[in-house]
Amino acid sequence: MEVDIVQEEQIIKRVMDEVQKKMQGNDAPVPDLSTFKCGMTEFVGTAFGDTIGLVIANVDDVLRERLGIDPKFRSLGIIGSRTGAGPQIMAADEAVKASNTELLKFELPRDTKGHAGHGTLAIFGAEEVSDARRAVEITLNALSWTFGDIHMNDAGNFCELQYTARASYALNKFFCAPLGKAWGLIVGCPAGLGVVMADTAVKAANVEIVMHASPAYNTSHSNEFMIMITGDSGAVKQAVIAGRETALKLLPALGGIPKSLQTPYIR
Amino acid sequence: MEVDIVQEEQIIKRVMDEVQKKMQGNDAPVPDLSTFKCGMTEFVGTAFGDTIGLVIANVDDVLRERLGIDPKFRSLGIIGSRTGAGPQIMAADEAVKASNTELLKFELPRDTKGHAGHGTLAIFGAEEVSDARRAVEITLNALSWTFGDIHMNDAGNFCELQYTARASYALNKFFCAPLGKAWGLIVGCPAGLGVVMADTAVKAANVEIVMHASPAYNTSHSNEFMIMITGDSGAVKQAVIAGRETALKLLPALGGIPKSLQTPYIR
Amino acid sequence: MEVDIVQEEQIIKRVMDEVQKKMQGNDAPVPDLSTFKCGMTEFVGTAFGDTIGLVIANVDDVLRERLGIDPKFRSLGIIGSRTGAGPQIMAADEAVKASNTELLKFELPRDTKGHAGHGTLAIFGAEEVSDARRAVEITLNALSWTFGDIHMNDAGNFCELQYTARASYALNKFFCAPLGKAWGLIVGCPAGLGVVMADTAVKAANVEIVMHASPAYNTSHSNEFMIMITGDSGAVKQAVIAGRETALKLLPALGGIPKSLQTPYIR
């Protein structure tokens, strides 16, 4: 009995689709945490971006000193992600707004599972473990939408946009956002794409660049160029959207139509 | 009806071949740019190495200042690549020879789509947009041959060789090439391979090492060891070829026979 | 003739298993070195982790000076790996114990073939080529067990543990181990996992932290948090095992049950 050529092609296509998914690494099914039991009080949950949320109720003194953390922070909330840093700082900013914590560390490994960007190590400090846990929970929840304006094509090239009308302490401390003001992030990969996105964005509205990053500057050698902007909330949003439009027109030249990793939230 | 085991094996083999190609990332079909229309004057074209070429006619003043670019450069030519830095600096050197531009930035992200080397962010400055565009076009065209002496095996280990009889301003500025003299690049991955290639190369001919790089020095933590050499053109070529011969003998020990990514050009 | 849906599923499953293996990159068959002939006296052998072992009998003087190596070291032993740095420093420490060599360089590329850790460039110096070769052989051999306590899941998240009752010069020089004392390494990926492993470990036994590393500190931007510890040998072992237990409970939340890359050796 022979396998028809058409059937064979169908099989290959189906397998390649699965392979694609695996290689993207972003469609990995999130474990059902309602049923994940590891018997460790440190475990809080997981989220998009191969993210794990953890908590230490009473951090060891020696470890705390090594990390240069103030003794008043008895409890630590911890976020570890393979993929993404922009989504995580946005989520962490929501967390510090809504919990009695401080974002102590925000480090950017060069990861993303073979792609060209960053992962995240974030550490919140709190005086009470309930606060640390709350910050981690809020961060994990917010990661359900903060990947919405990462648009990636099959070859792993992407743009990332973030926007908030009112930046809080996390964005202020690590990405130069003025407290309580609108802040936006405009990123392109490969980095060359980001330069053109940035140029289009700042020409589209009256915004101020507060920080920028490139493969050799302010990144961990990711293949990204990015600007962080502030200004009136309408202007920041307009600039961010202009950067996105530029990227969505150019990305198809490099490996296919980009798709949002979640649902775009900047409108 | 059963699928014969042999047929099944054939299917699996065919799929694995496709997977291999995808994982190499280097065989991705280049879009047919004669038909790619994005309606953006910034788009110039694409090339090997997941490379995009872009141009900004009048760069925003604030962005220009952020990047520390002299105001006389109104126009920028931009190259963004996921894979390769040696091929891009060679191509950019051709571009500055043949256009009225200066290579302002050459940054090395740690990329190559999961492999062990670099990508590229290159920015040319020009007073006229036609010059910036010309530099980008020349660079994209030269990328059709500058990957020719990258020889990679199935496991992603490789050697890279570059050679020019007459280095120009791009190689001079970023890789210590004396202007107008012969210059060669000898790279091995993993880095240990590069050390032996370098030793063989400098013993093979009377050349001078003008620069070297390793995972912790002068790279963005790529898994490469490399030397840049100068001297008489015959000697430089001889040294480069000796380094290549060493690598082509050793690479099969680590993941199969290496293949050129294009067509070797150093003879 | 139709291919039964169940058969199609089986084919897809088998292919995905192969893809998985390829993507892990850790199951690449090691070439049979008893038969690998490249006709180069520099070649010593290969080992786990896409590792190649090489030797240079009389290193070129100019190259030696470039690398800042003392002229007394005429011969170099060289290790190049795509995957792993902890296993290699453990193996190199065995080598310096048992050979008349010094570990001159230990550099950490950001590699692991798309995963989130390091590779290795190690250079031994010796006065005699036989000593350099011996150091490389011992290192390659030790790599048959030093990956034993790296436990990785399907998504590439992992923990790594290393332990020695008596650290020698390589661990002393590069990872702050007191000479002749017990030393342990506790690593988690993503980095957030490593923070909790570290906390659990130092609480489990009376040990001293001699060094730590995170994505922005003492790593090449890998997605790892790690501590290096010393103390009584029983205490160090106990702490290392406590760190491992924590990781093995938490890792299944992120991409499946972790498996040892070889056979665990810390008991």
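The values are calculated or read from the model by the stated rules, or taken from the named source; none is laboratory data. This is a predicted model, so every value here is computed, not measured. Methodologically, a virtual Cβ is constructed for each residue, glycine included, from the backbone with ideal geometry; neighbour enumeration extends over all protein chains shown. Just the protein is used for accessible areas: all its heavy atoms, side chains included, with ligands, DNA and RNA removed. Shrake-Rupley method; radii C 1.70, N 1.55, O 1.52, S 1.80 Å.
Overview of values
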quantity: Residues (surrounded by 21 or more Cβ atoms within 10 Å (Cβ to Cβ) and within 11 Å of chain C (Cβ to nearest Cβ)) located in the range B:240-253; calculated: B:Thr246, B:Ala247, B:Leu250, B:Leu251, B:Ala253
quantity: Candidate set: the range C:39-49, residues that are open to solvent by 20 Å² or more (accessible area, probe 1.4 Å) and closer than 30 Å to C:Gly148 by Cβ; chosen: the one nearest to the chain's Cα centre (by Cα); calculated: C:Phe48
quantity: Unmet criterion (only one of (1) among the small types (Gly, Ala, Ser); (2) in contact (Cβ under 8 Å) with a residue 24 or more places away in the chain; (3) assigned by TED's automatic domain parsing to the domain that holds B:Phe48) for B:Gly184; calculated: (3)
quantity: Any hit, the range B:59-77, residues being at the interface with another protein chain (Cβ under 7 Å from one of its Cβ atoms), within 23 Å of B:Asn218 (Cβ to Cβ), modelled with pLDDT of 95 or more and touching a helix residue (DSSP H, G or I) at 6+ places or on another chain (Cβ under 8 Å); calculated: no
quantity: In the range C:137-153, residue farthest from C:Ile209 (Cα to Cα) [restricted to those that are open to solvent by 30 Å² or more (accessible area, probe 1.4 Å) and outside any loop (DSSP other than H, G, I, E, B)]; calculated: C:Glu137
quantity: Any hit, the range B:254-262, residues being open to solvent by less than 20 Å² (accessible area, probe 1.4 Å), modelled with pLDDT under 95 and at the interface with chain C (Cβ under 8 Å from one of its Cβ atoms); calculated: yes
quantity: Identity of the residue in the range B:97-133, among the small types (Gly, Ala, Ser) and away from chain C (no Cβ under 14 Å), that ends up nearest to C:Ser220 (Cα to Cα); calculated: B:Ala122
quantity: All positions within the range A:183-214 that are open to solvent by 10 Å² or more (accessible area, probe 1.4 Å) and in a helix (DSSP H, G or I); calculated: A:Thr200, A:Val202, A:Lys203, A:Ala204
quantity: Matching residues in the range A:159-177 - criterion: being of a type outside the set (Lys, Arg), open to solvent by 10 Å² or more (accessible area, probe 1.4 Å) and in a helix (DSSP H, G or I); calculated: A:Tyr169, A:Asn172, A:Phe174, A:Phe175
quantity: Total residues in the range C:67-86, condition part of a loop (DSSP other than H, G, I, E, B) and surrounded by 24 or more Cβ atoms within 10 Å (Cβ to Cβ); calculated: 4
quantity: Selection within the range C:47-98 - in contact with a strand residue (DSSP E or B) (Cβ under 7 Å, 6 or more places away or on another chain), of a type outside the set (A, V, I, L, M) and within 13 Å of C:Arg134 (Cβ to Cβ); calculated: C:Gly53, C:Ser75, C:Gly77
quantity: Residue among C:Gly156, C:Gly180 that is open to solvent by 10 Å² or more (accessible area, probe 1.4 Å), on the phi > 0 side of the Ramachandran plot and either at pLDDT below 95 or not basic (Lys, Arg) (or both); calculated: C:Gly180
quantity: Test for C:Met228: is it open to solvent by less than 10 Å² (accessible area, probe 1.4 Å), in a helix (DSSP H, G or I) and at pLDDT 95 or above; calculated: no
quantity: Within the range A:191-226, tally of residues that are over 20 Å from A:Gly117 (Cβ atoms) and more than 7 Å from chain B (Cβ to nearest Cβ); calculated: 7
quantity: In the range B:100-119, the residues that are within 18 Å of B:Ser75 (Cβ to Cβ) and either open to solvent by less than 10 Å² (accessible area, probe 1.4 Å) or outside the structural domain of B:Leu67 (by TED's automatic domain parsing) (or both); calculated: B:Leu103
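Yes/no matrix, rows are residues, columns are (1) outside the structural domain of A:Thr219 (by TED's automatic domain parsing); (2) open to solvent by less than 10 Å² (accessible area, probe 1.4 Å); (3) free of Cβ contacts under 8 Å to residues at least 12 places away in the same chain:
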position: A:Asp60; (1), (2), (3): yes, no, yes
position: A:Glu65; (1), (2), (3): yes, no, yes
position: A:Gln88; (1), (2), (3): yes, yes, no
position: A:Leu121; (1), (2), (3): yes, yes, no
position: A:Glu127; (1), (2), (3): yes, no, no
position: A:Ala132; (1), (2), (3): yes, yes, no
